[in-house]
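**Student:** Sharing a structure with you now.
Nothing in this text is a laboratory measurement; each read-out follows from the coordinates by a stated rule. Bear in mind the structure is a predicted one, so any value in this text is a computation, not a measurement. Positions of Cβ are backbone-derived with ideal geometry, glycine not excepted, and every protein chain shown enters the neighbour counts.
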Amino acid sequence: MSLKDRISEDIKTAMKAKDKVRLETVRSIKKVILEEESTARGKGQDGLTETQELEVLTRLAKQRKDAMTQYTDANREDLADKEAAELVIIEEYLPAQLSDAEVEAVIDDVIAKTGASSAKDMGKVMGPAMKELKGKADGAKVQALVKSKLAG
């Protein structure tokens, strides 16, 4: 089942269940995907690739995380909780996130392949690491791990 089909089914299910938060969140995902498809068609593509869909979902999840941080800093726990609830729903569509140990193993492998040895080599490591971990690990977590490994 394609992502669009799954989202359409989830919208129907949320309507029947009268789950307002899920309905709003899934509709917002569908809206962004349709907008991105429209842009892709303008560039000659038929629709979004699976990778592009993953990028959209990852971007939406990151937006929710950033908003949660801002709302928490502003002592607006009610809004932070709403963003957290939306994030949980968005993450259902993302592939399972790798554990810290798995991310660390990938980073160690990339460091070994590139021969990186100091903080100056961070760019050499981040590109291939993020390519391999795209959608499977948070970029900030990857960056922090690479930084700590190359610093020591």
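**Student:** Once you have the alpha carbon radius of gyration of segment 3-91, what is it after dividing by 2.2 N^0.38 Å, with N set to its residue count? Provide the component values of the computation, followed by the final result.
**Tutor:** Values: Rg = 14.5 Å, N = 89, 2.2 N^0.38 = 12.1 Å.
Compared with the compact-globule rule of thumb, segment 3-91 sits at 1.19.
**Student:** Based on Cβ point charges of +1 for Lys and Arg and -1 for Asp and Glu, what charge dipole magnitude is obtained for segment 108-152 about its Cα centre, in debye rounded to the nearest 20? Kindly include the intermediate steps, with their values, before the conclusion.
**Tutor:** Working: 9 positive and 5 negative charges, 20 e Å.
Dipole of segment 108-152, to the nearest 20 debye: 100 debye.
**Student:** Kindly rank 12-22, 38-48 from highest to lowest mean number of other beta carbons found within 10 Å of each residue. Intermediate values should be presented prior to the final figure.
**Tutor:** Working: 12-22: 13.0, 38-48: 11.3.
The peptides rank, most packed first, as 12-22, 38-48.
**Student:** Rounded to the nearest 0.05, what FRET efficiency do Met15 and Leu79 have when you use their Cβ-Cβ distance and R0 = 25 Å? Walk me through the intermediate numbers first.
**Tutor:** Values: r = 24 Å, r/R0 = 0.98.
Rounded to the nearest 0.05, the efficiency is 0.55.
**Student:** For Ala151 paired with Gln52, estimate the spin-label separation in nm (one decimal), with each label point 7 Å from Cα along the Cα-to-Cβ line.
**Tutor:** Taking the two extended label points, one gets 3.9 nm.
**Student:** Next question. Please give the charge dipole size of the chain, origin at the Cα centre, charges +1 on K and R Cβ atoms and -1 on D and E Cβ atoms. Round to the nearest 20 debye.
**Tutor:** Numbers: 27 positive and 29 negative charges, 67 e Å.
Rounded to the nearest 20 debye, it is 320 debye.
**Student:** Further, regarding this structure: Can you work out the PRE-style zone for Lys4? Point 7 Å along Cα to Cβ, and I want the residues of segment 53-71 with backbone N under 18 Å.
**Tutor:** 53-57
**Student:** Evaluate the chain: find the radius of gyration of its Cα atoms, find its Kirkwood radius, and give the ratio Rg to Rh. Please report the intermediate quantities before stating the final value.
**Tutor:** On the way: Rg = 18.2 Å, Rh = 17.4 Å.
Rg/Rh: 1.05.
**Student:** Estimate the FRET efficiency between Gln45 and Leu94 by the formula 1/(1 + (r/R0)^6), using the beta-carbon distance for r and 25 Å for R0, to the nearest 0.05.
**Tutor:** Values: r = 22 Å, r/R0 = 0.88.
Given R0 = 25 Å and the Cβ-Cβ separation, E is 0.70.
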